[in-house]
1. Hey, among the residues in the stretch 174-210 that are touching a Gly at 6+ places or on another chain (Cβ under 6 Å) and assigned to a helix (DSSP H, G or I), which one's nearest to ALA130 (Cα to Cα)?
2. Name the residue, out of SER134, SER149, that is within 30 Å of CYS192 (Cα to Cα) and either among the aliphatic types (A, V, I, L, M) or part of a helix (DSSP H, G or I) (or both).
3. Considering only residues that are touching a Ser or Thr at 6+ places or on another chain (Cβ under 8 Å) and aliphatic (A, V, I, L, M), look in the stretch 2-58 and name the one that is nearest to ILE129 (Cα to Cα).
4. So for the stretch 114-131 (the condition being surrounded by fewer than 14 Cβ atoms within 10 Å (Cβ to Cβ) and assigned to a helix (DSSP H, G or I)), does at least one residue qualify?
5. Quickly run through the stretch 197-216 and pick out the residues that are within 22 Å of the chain's Cα centre (by Cα) and crowded, with 18+ Cβ neighbours inside 10 Å.
6. Please work out if VAL155 is farther than 15 Å from VAL26 by Cα, of a type in the set (A, V, I, L, M), in a loop (DSSP other than H, G, I, E, B) and at pLDDT below 85.
7. Go through the stretch 19-62 and report how many residues are free of Cβ contacts under 8 Å to residues at least 12 places away in the same chain, assigned to a helix (DSSP H, G or I), aliphatic (A, V, I, L, M) and farther than 30 Å from THR89 by Cα.
Amino acid sequence: MTLDVFVLLVRTPFAWREFLLQSWFVARVSILPTLMLSIPFTVLLVFTFNILLTEFGAADFSGTGAAFGTVTQIGPIVTVLVVAGAGATAMCADLGARTIRDELDALRVMGVNPIQVLVVPRVLAGMLIALMLSSLVILVGLAGAFAFSVFVQDVTPGAFVAGLTLLTGATDVAVALAKAALFGLAAGLIACHKGISVGGGPAGVGNAVNETVVFSFMALFLINIVATAVGMKVTL
């Protein structure tokens, strides 16, 4: 299926309407969990890091730790949790329901390739929304870290902002966004494969959704480890 998706990506016609609908669908189920997870994760990181910096008398470098942690790890990790836990499961359930209703077989009888009209738009939508979610997590997380550091831990606002780019540059942001795109690609492929290969009626759809979560977490954390190691080699 993955090979079919890559081959059909460059073939016409492209299902633009399905792509836009799936992008909105995945964004709708993912945006709230993203906002609810990004701030606590970042605040926890900043709170712990600021305690260490305060002991060393270097609280002005709070922004440096917040930016480095949020861009390189918090953003991708939260994206992993949301894409796999909300977006991928929603796509799997949708395709699984279509499969047990024999809609995919009906498309094949009419000469329509379900991979091209259903799977490819969902995989691309997963990539796009993961990319956007990662950007949102970074922005919201840094805003939350700034507010917590300045108003709770009495860090100087100017020093916090000045330290944001001390260790974190454009290359780190590019690596983080590349990881997010890979997360969306992997989660979309896993969800679509589980959805179109489901069997056993409604119970099979539930099992496929559970398997999607497990396999997506495994794949996405593995991608995060490999991509982080490669990114460190590139940026250092």
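The values are calculated or read from the model by the stated rules, or taken from the named source; none is laboratory data. Only a predicted model underlies this, so the values are computations on that prediction, with no experimental measurement involved. We place every Cβ from the backbone using ideal geometry, glycine too, and count neighbours over all the protein chains shown.
1. If we filter the stretch 174-210 for residues that are touching a Gly at 6+ places or on another chain (Cβ under 6 Å), which is where we start, we get 175-176, 184, 187-188, 195, 198, 205, 208.
Narrowing further to those that are assigned to a helix (DSSP H, G or I): 175-176, 184, 187-188, 195, 205, 208.
On the way: VAL175: 14, ALA176: 11, GLY184: 5, ALA187: 10, GLY188: 10, GLY195: 19, VAL205: 24, ALA208: 21 Å.
Among them, the one singled out is GLY184.
2. On the way: SER149 fails: within 30 Å of CYS192 (Cα to Cα).
SER134 is the lone residue from the list that is within 30 Å of CYS192 (Cα to Cα) and either among the aliphatic types (A, V, I, L, M) or part of a helix (DSSP H, G or I) (or both).
3. The extreme case among them is LEU45.
4. First pass over the stretch 114-131, keeping only residues surrounded by fewer than 14 Cβ atoms within 10 Å (Cβ to Cβ): none.
No, the stretch 114-131 contains no residue that is surrounded by fewer than 14 Cβ atoms within 10 Å (Cβ to Cβ) and assigned to a helix (DSSP H, G or I).
5. ALA208, VAL209, THR212, VAL213, PHE215, SER216
6. On the way: farther than 15 Å from VAL26 by Cα: yes; of a type in the set (A, V, I, L, M): yes; in a loop (DSSP other than H, G, I, E, B): yes; at pLDDT below 85: yes.
Spelling it out, VAL155 is indeed farther than 15 Å from VAL26 by Cα, of a type in the set (A, V, I, L, M), in a loop (DSSP other than H, G, I, E, B) and at pLDDT below 85.
7. 2
For (1) of a type in the set (Lys, Arg); (2) surrounded by 15 or more Cβ atoms within 10 Å (Cβ to Cβ); (3) at pLDDT below 80; (4) over 22 Å from THR165 (Cβ atoms), each residue gets a yes or a no:
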residue	(1), (2), (3), (4)
VAL5	no, yes, no, yes
PHE14	no, yes, no, yes
LEU20	no, no, no, yes
MET36	no, no, no, yes
VAL43	no, yes, no, no
GLU55	no, no, yes, yes
